[in-house]
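Chemist: Structure in C-alpha cells, see below.
The values are calculated or read from the model by the stated rules, or taken from the named source; none is laboratory data. If you're wondering where the values come from, they're calculated on a predicted model, not measured in any experiment. Note: ideal-geometry Cβ built from the backbone for every residue, glycine included; neighbour counts use all protein chains shown. Areas reflect the complete protein model, heavy atoms only, side chains present, ligands, DNA and RNA absent. Shrake-Rupley method; radii C 1.70, N 1.55, O 1.52, S 1.80 Å.
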Amino acid sequence: MRRTRNLSRFETTTAAVDPISELPDSILVHILSLLGIEDAVRTQVLSKRWRFLWTFLPSLVFYYYESDDDRCEGEDFRLARNTEFVTFVEKTLFASNCKLKKFEVDFYYGPRFALNVDSWTRFAVGKGVEELDLQLCPDATDTEYELPQLLYDNSWFKELRFSHCRVIPEGNAAWYSLKKLSIGHVEFSNDVIERVLTGSPVLETLTLESCQGFSRLAVTNSCVKKLILINFHDDWDESDDSGLEISAPYLLSLEMSGSLGCNCRFTNISSLVDAVFNCNIECFEEDNDYERIRNIVVVFLASLVHVKNLTLGTWAIEVLSIMEANGLSCPLLNCKCLTLDTKIDKNVLPGIANVLNSTPNVEALIMTWSSSSPWLAGMLLDYNEEQYWTSQNWTYECLALHLKNVTIRDDLMYHCDSNFFSFIQFLLRNARVLQKMVISTPSSPSDAQLKEYFKAAKKLLSFPRASTDAAVIFC
C-alpha cells in the first residue's frame, strides 16, 4: 500500500510541473522570436506571465500575405486588408518594450499610409534598430514612399534594405556602421548614388535590384567586397551603347543575374576573384538582336580574364554556342573553378565546348541545372547532338592537364538524358588528371526515382576513364 501511495504522489507531482514555465524569460522570448509576429502576440492570452513577454521581442517582422483568393477580391478588399495590417503594426509597435535589433515591414504601400510609415521609421530610429527592411510595393495609385531625412543620418544601421522608395538625401548619407545595403526598384541619379556610397565608409556588400537612372557606379570604398546587380534594364536607346560604367578596384565578388537590358563596362575590377554572370539578356528587336547581345557577353567576359571563380548561366552559354558555330572563340579566361548553370541540351553543347577550350587552367568544374528557357535555338547551325562530343577531335588543355574535380549537382540528375550521359562520358574519357567526380542525387526520392537513379549510376560507372585515379562518387 505504501508503495502504491508513493507512486501516486509522484505521478501527481509530475503532472503538476510545467517544464516550459520553469524556463527563464530570456529563453521564452527566444522561443517567441521563432514564431511569426501574429502568433507571438497571441501568446499573451496563455497566462499572466505570458501577457507581456512578446513585447520584449528584439526583432519585429511584419509581412502582408496575399493569397490567390485575395487577389481575386479586387482593390477594395486589398485596401481593407491593408488597413487591418497597418492597424496591427501600429498596436504592436506601441506595446514594444525593448531595444530592437531588427525591424522589417513588407506590404502594399499607398499615400494614405505615408504618416503611418513615417511613424514606423521614427520608431525604428528611436529603438536603435540595427537591421531595417522596408519593402513598400506601391498599390494601384503607383505612388512611392519618400524616405524621410532622419533615415540618412543614422549610426545604428548595420543592414539596410528598402525597395520602391524615393531616395532624395539633402546631403551625404551618414551610415557609419552600415555593412550591408540592398536597394530595389529605385530610380536615382549618379549624384545620389555617390552620396549614398560616400556616406557608407564600412559598407561591405551592395545589392542593387531593378534600379534605374544612373550610368556610373564608382565603388571606391576599399571595404566594399561584394556587388550584386539584379535586373538592370535602364531606358534603352539604340543610338547609345554606353550603358552602365562600373569601377570597383577593391571588389572581390560580383554577381549579375536576372534581366540585363544594356551594356555594362568595367573600367577597373582588378581585385575581382569571384564572378557570376547569369543574366537573361533583353531583346529589343524581333530578330533577336544577336550582335548587340554577343557584344554584351564578350565585353563582360573580356573583363574577367583574371577571375579565379567564374559562373556562367544559360544565356551566356547560348551566345558562346552561336560564336562556336561561327568559328568565334570565347575570350581567354584564367579561372580555376568554372560553374555552368544550364540545361545540357542542343542549344548549349557548342557553348560548353567553347568555354572549356577558353579556360585552359580550370581545375574544378561544377554543373548545376538551370530552368532558363532557350533563346537562340533558331539561330544554331544544325548538327547531330547525340554525336557531338564523340566528334570532337581537338585536345582541351584544361582536360589534359588541370581538371581534377567535377561536381554534378542533384538537379541535373532529375534531367539526365542522352546529352547528359554523352557529356559525362566525354569528361571521363578526356580528363587525364581527374581525381574525383561527385554526383549529387536528390534527397527523399520516390521509389520510381530511386530505381532510375540506380540505373543511371550503373551506366555512369561503366564509362571508361582516362585517369586511373578518377573516382566517381554518388552522394
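Chemist: Can you give the angle from 0 to 90° between the axis of helix 75-95 and the longest principal axis of the chain, with both taken from C-alpha atoms, to the nearest 10?
Modeler: Long axis of 75-95 versus the principal axis of the chain: about 60 degrees.
Chemist: Which Cα, out of Tyr290, Phe421, His30, lies furthest along the positive dipole direction of the chain (beta carbon charges, K/R +1, D/E -1)?
Modeler: The listed residue farthest towards the positive side: His30.
Chemist: Still on this structure, I have one more. Given (1) 25.2; (2) 23.0; (3) 26.3 as candidate values of Kirkwood radius over Cα pairs in Å, which corresponds to the one derived from the coordinates?
Modeler: (3)
Chemist: For a quick protection proxy, order the peptides 390-398, 345-353, 129-137 by their average other-Cβ count within 10 Å, most packed first.
Modeler: Numbers: 390-398: 13.1, 345-353: 22.4, 129-137: 20.6.
Ranked by mean Cβ neighbours within 10 Å, highest first: 345-353, 129-137, 390-398.
Chemist: Let me ask something else about it. Using the heavy atoms of the protein chains alone and a 1.4 angstrom probe, what is the accessible area of the chain per residue in square angstrom? Let's see the in-between values first.
Modeler: Details: 23370 Å² over 475 residues.
Accessible surface, normalised per residue, equals 49 Å².
Chemist: Around Thr339, which amide H atoms from residues at least 5 apart in sequence, or from another chain, sit under 5 Å from its own amide H, with H modelled in the peptide plane?
Modeler: The answer is Leu310, Thr311, Leu312, Ile366.
Chemist: Can you grab the distance from the C-alpha centre of the stretch 321-370 to the C-alpha centre of the stretch 387-401, Å, no decimals?
Modeler: Using only Cα atoms to place each centre, the spacing works out to 12 Å.
Chemist: Also: State the answer as a single residue: which of Ile269, Gly171, Cys398 lies farthest towards the positive end of the charge dipole of the chain, with beta carbon charges of +1 for Lys and Arg and -1 for Asp and Glu, about the Cα centre.
Modeler: Cys398
Chemist: Quick one: net charge around Tyr250, please, counting Lys, Arg +1 and Asp, Glu -1 for every other residue with C-beta under 13 Å from its C-beta. Don't skip to the answer; put the middle values down first.
Modeler: Details: positive: Lys225, Lys226; negative: Glu204.
Value of the local net charge: +1.
Chemist: I've got another one for you. What net charge is computed for the residues neighbouring Leu434, neighbours being all others with C-beta under 11 Å from the C-beta of Leu434, Lys and Arg scored +1, Asp and Glu -1?
Modeler: Details: positive: Lys404, Arg429, Arg432, Lys436, Arg465; negative: Glu363, Asp469.
Here the count lands on +3.
Chemist: Can you return the lysines within cross-link range of Lys158? Criterion is Cα-Cα under 21 Å, with same-chain partners fewer than 8 residues away left out.
Modeler: Lys99, Lys101, Lys102, Lys127, Lys179, Lys180, Lys225, Lys226
Chemist: Add -39500 (n - 2.57) for each DSSP H run of 4 or more in the chain, then divide by its residues: what number comes out at 222 nm, to the nearest 500 deg cm²/dmol? Please list the in-between numbers first.
Modeler: Values: 13 runs with 143 residues, N = 475.
That comes out to -9000 deg cm²/dmol.
Chemist: Further, regarding this structure: Skipping prolines and chain starts, which residues have an amide H placed within reach, meaning under 5 Å, of the one on Tyr145, given they are 5 or more residues away or on another chain?
Modeler: Amide H neighbours of Tyr145: Arg166.
Chemist: Using a 1.4 Å probe on the protein heavy atoms, what percent of the accessible area of the chain belongs to carbon and sulfur?
Modeler: On the way: 11890 of 23370 Å².
C and S atoms contribute 51 percent here.
Chemist: To continue, here is another question. Under 28 Å between alpha carbons, and skipping anything fewer than 8 positions from Lys436 in its own chain: which lysines qualify?
Modeler: Result set, ordered by chain and number: Lys308, Lys336, Lys343, Lys346, Lys404, Lys451, Lys455, Lys458, Lys459.
Chemist: Which chymotrypsin sites (Phe, Trp or Tyr not before Pro) from the stretch 139-196 combine a DSSP loop assignment with at most 15 other Cβ atoms within 10 Å? Display every interim value, and only then the final one.
Modeler: Working: sites: Tyr145, Tyr152, Trp156, Phe157, Phe162, Trp175, Tyr176, Phe188; in loops: Trp156, Phe157, Trp175, Tyr176, Phe188.
Answer by residue number: Tyr176.
Chemist: Counting Lys +1, Arg +1, Asp -1, Glu -1, what net charge surrounds Pro464 among other residues with beta carbon under 13 Å of its beta carbon? Let's see the in-between values first.
Modeler: On the way: positive: Arg429, Arg432, Lys459, Arg465; negative: none.
So the surrounding residues net to +4.
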